[in-house]
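Below: one structure, written as structure tokens.
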Amino acid sequence: MLALRGIDVSYETIRAWTLKFGPKIAADLRRRKLAPSPRWHLDEMVCRIGGERVFLWRAVDDEGEVLDLVVQNRRDTRAALKLLKQLLCS
């Protein structure tokens, strides 16, 4: 858009703008975010991160938005239940 107007901007300028305005924009987007759907479920997945097998527990609402997640190197049901209780109380 700026190039169409004849304005030449360097990568360093873009990086400086990102550092200056990025946190403000992110905070504004978080503030505008709608509340999650009241219907959600808890998923358990086994995946590889960095070549290591890990267990991923995540709470997902009915629109597919991830509410919270826990990554563990071993299957720990107690930690998953703690996540579930934390979500129920909030």
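Side notes on the structure shown:
- Enumeration of residues in the range 42-70 that are loosely packed, with under 12 Cβ neighbours inside 10 Å and touching a Cys at 6+ places or on another chain (Cβ under 9 Å): ARG53
- Tally of residues being under 19 Å from the mean Cα position of the chain (by Cα) and more than 20 Å from LEU34 (Cβ to Cβ) across the range 51-81: 8
- Remark: ALA26 matches the filter, which requires a residue to be within 18 Å of the chain's Cα centre (by Cα), over 21 Å from GLN86 (Cβ atoms) and among the small types (Gly, Ala, Ser).
- Residue among ARG31, ARG39 that is closer than 30 Å to ARG78 by Cβ and exposed (fewer than 10 other Cβ atoms within 10 Å of the Cβ): ARG39
- Scanning the range 50-65 for residues that are among the aromatic types (Phe, Trp, Tyr) and under 14 Å from LEU87 (Cα atoms) turns up just one, TRP57.
- Checking GLU12, GLU63 one by one, the residue that is in contact (Cβ under 8 Å) with a residue 24 or more places away in the chain and among the charged types (D, E, K, R) is GLU63 and no other.
Any read-out appearing in this document is the output of simple, stated calculations on the displayed coordinates, not a laboratory observation. Just so it is clear, the model here is predicted, and its values are computed rather than measured. All Cβ positions, glycine included, derive from the backbone under ideal geometry; neighbour counts span all protein chains shown.
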